1. Which whole-number value in Å³ per residue fits the convex hull of the alpha carbons of segment 1-52?
2. How much of the accessible area of segment 1-80, in percent, comes from carbon and sulfur atoms when a 1.4 Å probe is used?
3. What does the highest-first list of 39-46, 59-66, 13-20 look like by mean Cβ count within 10 Å?
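The values are calculated or read from the model by the stated rules, or taken from the named source; none is laboratory data. Predicted model, so just to flag it, every value in this text is computed and none were measured. No Cβ is skipped: glycine too gets one built from the backbone with ideal geometry, and neighbour counts run over all protein chains shown. Please note that ligands, DNA and RNA were not included when accessible areas were found on the heavy atoms of the full protein model with its side chains. Shrake-Rupley method; radii C 1.70, N 1.55, O 1.52, S 1.80 Å.
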Amino acid sequence: MRHGHGVMGTIASENADTWTLTKKDGTTETVTITPQTMFGSKKDPAQKSQFTVGENIVVRGKESGTTITATAIMQAKARPAATTPSASSAPAPTTN
């Protein structure tokens, strides 16, 4: 028996209970939402209406070809940007 699969991407469009997700590699996946689909997590529940076009999400569910029937949809955690000092941020030396 195959367990649920996870897909990460950006919501490209929402049409009732069918969303289109654009994955990092540029391909698209159709997300089918059912009455059993959970939004958010147990710790941080959400509503379907909180997810908007352009948002990065993770979808868990049963995948078949380029369609995934969602059991759970949650916001993708943004990775903190690496902070490295930049030469341009240092004050320029002054000459008198």
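1. Values: hull volume 5.9 nm³, N = 52.
Convex hull of Cα atoms, per residue: 113 Å³.
2. Percent of accessible area from carbon and sulfur atoms in segment 1-80: 52.
3. Final packing ranking: 59-66, 13-20, 39-46.
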